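These notes concern the structure reproduced below.
Throughout, read-outs are computed from the coordinates displayed, never taken from laboratory work. Fair warning: this is a prediction, and the values are worked out from it, not measured in the lab. Please note: Cβ atoms are built from the backbone with ideal geometry, for glycine as well, and neighbour counts cover all protein chains shown.
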There are 2 protein chains.
Amino acid sequence: MTIILNGKELALKITDDIKISTAEYSDKPKLAVISAGENPASLIYIKNKQKKASELGFESFVINLPNNVSEDNLLENIFILNEDKNINAILVQLPLPEHINKQRVLDAIEPVKDVDGFTSFNFGRLALGYKPYAYPCTPKGILRLLTEYNINLEGKNVTVIGRSNIVGKPLSLMLQMKNATVTLAHSKTQNLKEHCLNSDIIISAAGVENLIRADFVRDNTVLVDVAINRTSSGLKGDVDFINVSPKCSYITPVPGGVGPMTIAMLMENTLELFKLQKSLFL
Amino acid sequence: MTIILNGKELALKITDDIKISTAEYSDKPKLAVISAGENPASLIYIKNKQKKASELGFESFVINLPNNVSEDNLLENIFILNEDKNINAILVQLPLPEHINKQRVLDAIEPVKDVDGFTSFNFGRLALGYKPYAYPCTPKGILRLLTEYNINLEGKNVTVIGRSNIVGKPLSLMLQMKNATVTLAHSKTQNLKEHCLNSDIIISAAGVENLIRADFVRDNTVLVDVAINRTSSGLKGDVDFINVSPKCSYITPVPGGVGPMTIAMLMENTLELFKLQKSLFL
């Protein structure tokens, strides 16, 4: 029997708890989002984040800079947010325009306000096995979802597909800390099928529709599909769900799997930074 | 035919070049080593580093603090070295006494003087795929040795055994950047033999004598043995060399493989930081 990893349901449970916890404070957690340009997907993501923040009793606002903004101007905006004691969390919406040095901008964020965990400092903490101020939201959400369903990671063979700084790389580091044996596959991997067939758990964040087919998966595999591919027939993950899911012990749907967990973790990180800053600055 | 990856020879070539390059400057690269306690292995390592530094025309000195040194005292020593413009490279000799928060001490080092690349900032840069001020010496030395023998990494399956912050973790991140497909195995890995048999390249940093036996290795494997195990019959690596080496296309000896490369990379990092600081501070 295949069990659906219901991210939507778990995310609701988590955000309900966040809402209750937030109501206990007289002031509100405050999230600042900075973006540049008019990437349509980014605008939707930002709108969803603001909507969720508002539902939970957070304050949030967006600084949308023009596509031709200078790097110095972007940095200046971040420095102001760093100094502002009313701002708890700063999120730079990616992608940034090509002419901007992305990591230089991310590294300008004060680590204690780095809600995505993408500064070199926080990412280094994570990679070294220490707790960063915030864990990247998508990997954190995936681990939470697996934990919710009591899926044990210790000693398990896990193949992570996709080596992005947002998902694949931090996820593989976090899985290693849970004592999983992780193989990080990517576009240059030559025998992906073989790696998948040797895995207890497959986590695909490649962004390639139908990458994971039934012959890639042995019986009782746990399958987490992180991708959101926009196709002519709607949103699809990397997994050929209809043919693959019967072989799985657990599988995430797309949508309704990892996506809602990511935004829930963003909210959780915001609340955690808010609480932490209270203890540091009061 | 099995080719021996001669780290001793390559390290000599590299340090000869460093010596020539250093002689071109009127002032000398200066390395500061901080240690605490009287760990016998540490004392030998430090002595070797100082000897090599002196041979290459570097200045170096050691601050040896007592085993019961306070963390604040250790940090204070680092802050003084950070401020001293004559010091180019700071190395904290590990292990530190149990009562010291190791990562807090390492993170006190100014990243531009962090000759081992162990600060959260530099390690984060490495993990995110950006150039740190310095790469950790052992992984850097291993990659240099493989490059010297024209061993291609792209698309290759590599199993790295051991997930330390000094070797296994940074090495796996650096191999990923070279487009290898990396599996990071460790003490909780359940089927190490199978992982090894699926690998083009095995890099063992487990510290377990005879861990890698002939039946773990398929023909034409590239084998890098990072371990130095002190046994009753002298220094041994993780590999059963006599029985494994005939199956390998390339293999490192122990000693004379990775060890000399590590110290050569420490010297190279010191020289590079010296040059960089000239360009920044003059």
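For segment B:40-140, which GluC sites (Glu not before Pro) pass both filters: DSSP loop (anything but H, G, I, E, B) and at most 13 other C-beta atoms within 10 Å? Provide the component values of the computation, followed by the final result.
Details: sites: B:55, B:59, B:71, B:76, B:83, B:98; in loops: B:98.
Here the GluC sites (Glu not before Pro) that fit, given the DSSP loop and packing criteria, are B:98.
Relative to the other copies, what are the label-point distances for residue B:68, with labels 7 Å from Cα along the C-beta vector, expressed in nm at one decimal and sorted shortest first?
6.9
One decimal, nm, shortest first: give the distances between the label point of residue A:188 and those of the same position in the other copies, each label point 7 Å from Cα along Cα→Cβ.
So the label point of residue A:188 gives 2.9 nm to the other copies.
For a quick check of your reading of the filter: which GluC sites (Glu not before Pro) in segment B:126-220 sit in a DSSP loop and have no more than 16 other Cβ atoms within 10 Å?
Sites meeting the loop and neighbour criteria: B:154, B:209.
Could you check which residue among B:116, B:225, B:16 shows the biggest mean-square fluctuation in a GNM of chain B with a 10 Å Cα cutoff?
B:16
Quick check on chain B: of the DSSP beta bridges with both residues there, what percent are antiparallel, nearest 5%?
Percentage antiparallel, nearest 5: 10.
Restricting things to alpha carbons, find the Rg to Rh ratio for segment B:145-282 using the Kirkwood radius for Rh. Don't skip to the end; give the middle numbers.
Working: Rg = 16.2 Å, Rh = 15.8 Å.
Result for segment B:145-282 is an Rg/Rh of 1.02.
Need the C-alpha centroid separation for segment B:116-153 versus segment B:1-20, integer Å.
Distance between centres, Cα-based: 18 Å.
Given a 10 angstrom Cα cut-off, can you work out which residue in B:122, B:191, B:64 is the most mobile in a GNM of chain B?
Of B:122, B:191, B:64, the most mobile in the Gaussian network model is B:191.
Let me know the shape class of the protein assembly as shown, please: from the alpha-carbon gyration tensor, a ≥ b ≥ c as square roots of the eigenvalues, rounded when a/c is under 1.5, otherwise prolate if a/b is greater than b/c, or oblate. List each step's numbers first, then the result.
Numbers: a/c = 1.98, a/b = 1.25, b/c = 1.58.
Cα axes put the protein assembly as shown in the oblate bin.
Can you list, shortest first in nanometers, how far residue A:2 lies from the same residue in the other copies, with each label 7 Å from Cα toward Cβ?
Spacings between copies for this position, smallest first, are 4.8 nm.
Check cross-link reach from residue B:188 to the aspartates and glutamates: straight Cα distance under 14 Å, and skip same-chain residues fewer than eight apart.
Here the aspartates and glutamates satisfying the reach criterion relative to residue B:188 are A:154.
Determine the calculated [θ] at 222 nm for chain B from helices alone, applying -39500 (n - 2.57) to every DSSP H run no shorter than 4 residues and normalising by the residue count; nearest 500 deg cm²/dmol. Write out the running numbers ahead of the final one.
Details: 10 runs with 117 residues, N = 282.
Estimated from H runs of four or more residues: -13000 deg cm²/dmol.
At q = 0.24 Å⁻¹, what is the base-10 log of I(q)/I(0) for segment A:26-113 according to the Debye formula with one equal point scatterer per Cα and no solvent? Please give it to two decimals.
Listed by q, the Debye log ratios stand at -1.26.
Select from segment B:62-171 those chymotrypsin sites (Phe, Trp or Tyr not before Pro) which occupy a DSSP coil region and have at most 12 other Cβ atoms within 10 Å, ordered by residue number.
Those that pass, being in a loop and sparsely packed, number zero.
Can you give me the three principal axis dimensions of chain A from its C-alpha atoms, in Å, biggest first?
53, 43, 39
So for the protein assembly as shown: antiparallel DSSP bridges make up what percent, rounded to the nearest 5?
15 percent
Which residue is it, in chain B, that holds its beta carbon closest to the axis of the B-onto-A rotation, and how many whole angstrom away?
Chain B residue with minimal Cβ-axis distance: B:124, 1.
From the Cα gyration tensor of segment B:181-247, with a ≥ b ≥ c the square roots of its eigenvalues, which class applies: rounded if a/c is under 1.5, or else prolate if a/b is larger than b/c, or else oblate?
Working: a/c = 1.95, a/b = 1.31, b/c = 1.49.
Judged from the Cα gyration tensor, segment B:181-247 comes out oblate (a/c at least 1.5, b/c at or above a/b).
Would you pull out the residues with amide H under 5 Å of residue B:60's amide H, same chain only if 5 or more places away, H placed 1.01 Å from N?
Answer set, sorted by chain and number: B:31.
Here is the link list: A:28/A:178; A:178/B:193; A:49/B:178; A:13/A:193. Which ones come out longer than 24 Å on Cα distance?
Those over the limit are A:28/A:178; A:49/B:178; A:13/A:193.
Taking the Cα atoms only, what angle lies between the long axis of helix A:40-55 and the longest principal axis of chain A, rounded to 10 degrees?
For helix A:40-55, the angle is close to 70 degrees.
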